[in-house]
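The values are calculated or read from the model by the stated rules, or taken from the named source; none is laboratory data. These figures come from a predicted structure and were not determined experimentally. We place every Cβ from the backbone using ideal geometry, glycine too, and count neighbours over all the protein chains shown. Note: areas computed on protein heavy atoms with side chains; ligands, DNA, RNA excluded. Shrake-Rupley method; radii C 1.70, N 1.55, O 1.52, S 1.80 Å.
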Amino acid sequence: MLMQLLKINILWFLLIGVTIPGIAQDVKTNDLLPGIVEILGKNRIGSGLIVKIDSNDIFILTAAHVVLAEPNPKVVFYSQSTPSEAHVESGSELNDEDRGIALLKVESRLSITSQVRVLPLAIEDPEIIGGEAIEVLGLPLEVGDWAILHGYMVARRGRDLVFDVGIDEGASGGAIVYEGKVVGLVQRRGPRYGIGNPVESLWGFIRGMRSLSKLVSEKIPSIDGEGISKLPIVGEKQIDEANDDMEIFDALVATLENISDDYYSLITFKHGITRLKNGVNSSQLSRLISTASIGDDYYCSQAIISGARYLKTPIKSEDIKAMLSTINSSYYRSKAAMALNESLLKGK
């Protein structure tokens with residue numbers, strides 16, 4: 001039995017190309033830099049992160065103290081030399097210099113000729129135990145424009161994220177990135193460590209801003225919790241009215257075939273698989289992952305991790321390879337592989 005498990009584990013590493021979580025990632029942090037802006041306030045400079053782009057405007061989050069006493073700061077976008085005028089939106093927390101968040105709006109989106117993008121916010125705060133590898137994106141004076149600073153999480157202390165990254169003036173308002181997602185916003189440099197707002201604080205702020213309300217409606221309340229039912233589930237009626245596992249499975253497959261949005265594919269996948277009283281076998285799980293066709297590596301890995309909990313038979317090597325091949329990032333691929341491996345060790 002022990003030798004069989006050892007062979008299984010060796011197979012995982014051959015298939016996933018092997019990286020260790022927290023050590024190596026395929027997430028291209030450079031691709032996130034167009035979502036960072038430079039902010040020129042009154043006697044202060046800082047960074048900001050783009051959270052929404054529509055046909056007319058661009059919306060940016062930053063640390064409130066960066067734009068204190070400056071209702072119309074200048075914003076410089078990635079690869080752009082000419083500043084654009086921004087407006088500090090009503091509801092910004094300008095009375096809180098330690099943890100306050102501000103929302104800026106740049107009008108005339110079509111006049112912005114440089115490359116811009118929305119940064120992906122994590123859905124919820126990650127579990128922080130200390131030592132997690134992170135990147136800080138921003139414009140610290142001592143390093144230069146649009147820098148990527150590498151460091152580590154230290155702890156979550158109350159409402160603050162504490163991190164060990166060498167930041168200075170100009171970094172405030174920048175993004176704290178973990179596993180390819182923004183998990184926080186840089187506030188200030190403490191006596192020893194950097195201090196930032198966790199992503200749940202960002203979502204709390206976003207909820208109170210009318211111009212960002214659509215972001216909240218699109219947010220999945222919880223990947224692993226029960227909150228997924230708060231969003232409409234495509235095909236929910238057909239899945240719930242099915243009489244047995246075979247009908248539920250067929251309804252879930254038919255529904256997933258007609259969903260093009262990654263968010264809703266994941267929500268529907270999780271809803272449907274929990275309705276299967278006897279779980280799924282290896283081939284069924286592989287078919288569901290293939291049918292869902294989730295393009296985002298993070299959400300695809302979450303689907304596989306969720307599905308692994310409902311496996312009722314040992315995983316076949318060809319199904320392992322097929323499922324993991326849908327994830328480009330070796331980091332997320334390794335997390336999905338370990339979930340499948342864990343289900344085997346538990347005898348599922």
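Applying the set (1) of a type in the set (Asp, Glu); (2) closer than 28 Å to Ile53 by Cβ; (3) in contact with a strand residue (DSSP E or B) (Cβ under 8 Å, 6 or more places away or on another chain) to Glu124 leaves exactly one unmet item: (3).
Scoring Tyr264 on the criteria (1) modelled with pLDDT under 90; (2) under 23 Å from Met338 (Cα atoms) leaves a single failure, condition (2).
Condition check for His87 on (1) more than 25 Å from the chain's Cα centre (by Cα); (2) of a type outside the set (Gly, Ala, Ser); (3) modelled with pLDDT of 90 or more; (4) open to solvent by less than 50 Å² (accessible area, probe 1.4 Å): one failure, at (4).
Of all residues in the range 188-201, those being assigned to a strand (DSSP E or B) and farther than 20 Å from Glu127 by Cα number 2. The residues of the range 317-336 that are in contact (Cβ under 8 Å) with a residue 40 or more places away in the chain, under 16 Å from Leu288 (Cα atoms) and open to solvent by less than 20 Å² (accessible area, probe 1.4 Å), listed by number, are Ile320, Leu324. The lone criterion from (1) closer than 30 Å to Ile58 by Cα; (2) open to solvent by 20 Å² or more (accessible area, probe 1.4 Å); (3) modelled with pLDDT of 80 or more left unmet by Tyr298 is number (3). As a summary of the residue check, Ala102 satisfies the conditions (1) in contact with a Leu (Cβ under 7 Å, 6 or more places away or on another chain); (2) touching a residue at least 40 places away in the same chain (Cβ under 8 Å); (3) open to solvent by 30 Å² or more (accessible area, probe 1.4 Å) except for the one numbered (3).
Of the residues screened, Ser79 is one that is on the phi > 0 side of the Ramachandran plot and polar (S, T, N, Q). The lone criterion from (1) crowded, with 19+ Cβ neighbours inside 10 Å; (2) in contact with an Asp or Glu (Cβ under 9 Å, 6 or more places away or on another chain); (3) closer than 27 Å to Ala69 by Cβ left unmet by Ser108 is number (1). Among the residues of the range 70-95, those that are touching a residue at least 40 places away in the same chain (Cβ under 8 Å) and in contact with a Gly (Cβ under 9 Å, 6 or more places away or on another chain) comprise Tyr78, Ala86, Gly91, Glu93. Looking across Phe269, Phe249, one residue alone is among the aromatic types (Phe, Trp, Tyr), closer than 20 Å to Ala337 by Cβ and modelled with pLDDT of 85 or more. It is Phe269. Scan the range 180-188 and give yes if some residue there is free of Cβ contacts under 8 Å to residues at least 12 places away in the same chain, within 21 Å of the chain's Cα centre (by Cα) and either closer than 28 Å to Ser330 by Cα or open to solvent by 20 Å² or more (accessible area, probe 1.4 Å) (or both), otherwise no. No, every residue in the range 180-188 fails to be free of Cβ contacts under 8 Å to residues at least 12 places away in the same chain, within 21 Å of the chain's Cα centre (by Cα) and either closer than 28 Å to Ser330 by Cα or open to solvent by 20 Å² or more (accessible area, probe 1.4 Å) (or both). Residues that are part of a helix (DSSP H, G or I) and of a type in the set (Gly, Ala, Ser) were ranked within the range 248-270; the one that is most open to solvent (accessible area, probe 1.4 Å) is Ala254.
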